[in-house]
2 protein chains.
Amino acid sequence: VPSSTPSVVVDPPALGRLALNLITIGSQHRLEDILDECVRLGITAVSPWRQHYEEAGVAHAARAVCERGLRVNTVCRIAAFGAADTPGAWQAALREGYRTIDEATELKAGFVTVTGGGVAPASKDVVAARKRICDGVEALLPHARAAGVALALEPLHPMTAADRGAISSLGLAHAMARELGDGVGVLVDAYNTWWDPNLASEIAALGPRIVGFQVSDWLIPTTDLAFDRGMMGDGVIDLPGIRRMVEDAGFHGLVEVEVLSKRWAACGLKDVLNTVVERFTACC
Amino acid sequence: VPSSTPSVVVDPPALGRLALNLITIGSQHRLEDILDECVRLGITAVSPWRQHYEEAGVAHAARAVCERGLRVNTVCRIAAFGAADTPGAWQAALREGYRTIDEATELKAGFVTVTGGGVAPASKDVVAARKRICDGVEALLPHARAAGVALALEPLHPMTAADRGAISSLGLAHAMARELGDGVGVLVDAYNTWWDPNLASEIAALGPRIVGFQVSDWLIPTTDLAFDRGMMGDGVIDLPGIRRMVEDAGFHGLVEVEVLSKRWAACGLKDVLNTVVERFTACC
């Protein structure tokens, strides 16, 4: 672990609440280098997508995280049910889901993120996509419960309902979580939900069902529907206000920075992480 | 009026329900040429934005529409209140609103579309933007009522909440319309609302408050947040299903085609209009 002084002044207790979703970092870096840099800055938790551990293997990644005293907040993501409108696609989605739960178990993640998937294009049926997401999570639930891994339904922004995830509101995620029962929670992502006219009341109603909270910012203009999120402070989202809502609802877990952005992914590792830490302290 | 045979076979009664929002057509054409082409194809109603009549003047445009036996469905749009967080901007938004109502009156439009406007960026306060939209419509309402022009609140897609319009759901539009009272309705745009988990129940609840219905399609992928809508049939929206919902709710007015698309706007006038008519008949 490098012993150099961090380039930004940070409040260690505040940083103890920070988790870094690794999608924020470009794919040009080794996992170990990213983790070392997290340790250097005082970041204590990370969240990988499969791409971050697939090549080296999940056992290797779990060891790399553990050896550094880090922990895994969530594993991203279960996302194949929505469009799985053939028996073959459905079976593949189930296998993928089991595998993700197993990987999360090995990584000792708190929960698996379920974005669910989009619409089967030919069907033009978003209601059927939502039903499949619900059915898929129900099918995976005994395995997740046995492993002690929560499944977190994440409402995605409605602009990604067609092709990424059709759980398009906190209200829908809540209704699904209620129906599915024990072991299913909701992940509140400020970027995906800030526009919701019922934001405050829906977050309050979720209460203990909130298992995770993510931050990034909405840029004006936004030039890509998936990969142009802003760093906290660069956009129009009242992040401290939404954080208060989730904390008033009883959530006091990690605040995860997840900035899907082609621009930030193209930046150097230290630049991105220094900015994450600085903005987390100043803008969240 | 040209007497050439339309290039597509259309059902005249079905086309009697079609209105063409002129934003669907590129800005390289003269208003008269667009209107002539509408007449040739059997389209009986159009909806201009200010850019379509500003240069020639609204009186000239009103005459051009009237002379051809066409009518105006709506005038787009009142959109400056959301971000008007200074007294100067507020007064400008009010003046702009009065002017749009006067233009709609001269054009004999059924209603004026109110998208309201986005968030004042520095404020990061979408709730305040919505309050300003409500206050602005309330201030304009006596003038609109006296003119006999309805004001139609249009929920825009949440991806445009920051910079175009912060009425982000049918439920919010309905609550605002209820609060504002007589002379205020809701415009249901399938593109903006198809993802809403409460779509069916919200449309049913709106009932007689629905004053307009617009169609276009959601493309996969979508490459621009405002100007990459698809022509009906090219995307994943169940347009006949949503049309049934608004008709079951009691709406039997015009079905307006509004395709904001850089690609379609770059096409020739006849190509676009032939496609509009063909797809309207086949896919809506």
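What to note about this one:
- Across the range A:218-241, the number of residues qualifying as within 24 Å of A:V72 (Cα to Cα), within 14 Å of chain B (Cβ to nearest Cβ) and open to solvent by less than 10 Å² (accessible area, probe 1.4 Å) comes to 3.
- Residues being away from chain B (no Cβ under 12 Å) and closer than 24 Å to A:L260 by Cα - total across the range A:126-158: 5
- Candidates B:L140, B:L153, B:L180 - the one that is within 17 Å of B:G212 (Cβ to Cβ) and either open to solvent by 10 Å² or more (accessible area, probe 1.4 Å) or touching a residue at least 60 places away in the same chain (Cβ under 8 Å) (or both): B:L180
- Residue under evaluation A:L94, criteria (1) outside any loop (DSSP other than H, G, I, E, B); (2) under 15 Å from the mean Cα position of the chain (by Cα); (3) within 26 Å of A:H174 (Cα to Cα), criterion not met: (2)
- Within the range A:39-59, if we keep just the residues that are in a helix (DSSP H, G or I) and over 25 Å from A:V114 (Cβ atoms), the residue that is least open to solvent (accessible area, probe 1.4 Å) turns out to be A:L41.
- Every residue from the range B:225-255 that is in contact with a Leu (Cβ under 9 Å, 6 or more places away or on another chain) and of a type in the set (D, E, K, R): B:D228, B:R229, B:D234
- Taking each residue of the range A:159-176 that is more than 9 Å from every other protein chain (Cβ to nearest Cβ) and looking for partners that are open to solvent by 10 Å² or more (accessible area, probe 1.4 Å) and of a type in the set (F, W, Y) with beta-carbon atoms closer than 9 Å, six or more apart or interchain, yields nothing.
- When the range A:244-262 is filtered for residues that are surrounded by fewer than 17 Cβ atoms within 10 Å (Cβ to Cβ) and on the phi < 0 side of the Ramachandran plot, the ones remaining, listed by number, are A:R244, A:E247, A:D248, A:H252, A:L260, A:K262.
- Residues satisfying the stated conditions in the range B:196-217, i.e. closer than 20 Å to B:L273 by Cβ and either within 14 Å of another protein chain (Cβ to nearest Cβ) or modelled with pLDDT under 95 (or both): B:V215, B:S216, B:D217
The values are calculated or read from the model by the stated rules, or taken from the named source; none is laboratory data. On a predicted model such as this, the values are computed, not experimentally measured, just so you know. Cβ coordinates were reconstructed from backbone atoms using ideal geometry, including for glycine residues, and neighbour counts include every protein chain displayed. To get the accessible areas, we keep the full protein, side chains included, count just its heavy atoms, and leave off ligands, DNA and RNA. Shrake-Rupley method; radii C 1.70, N 1.55, O 1.52, S 1.80 Å.
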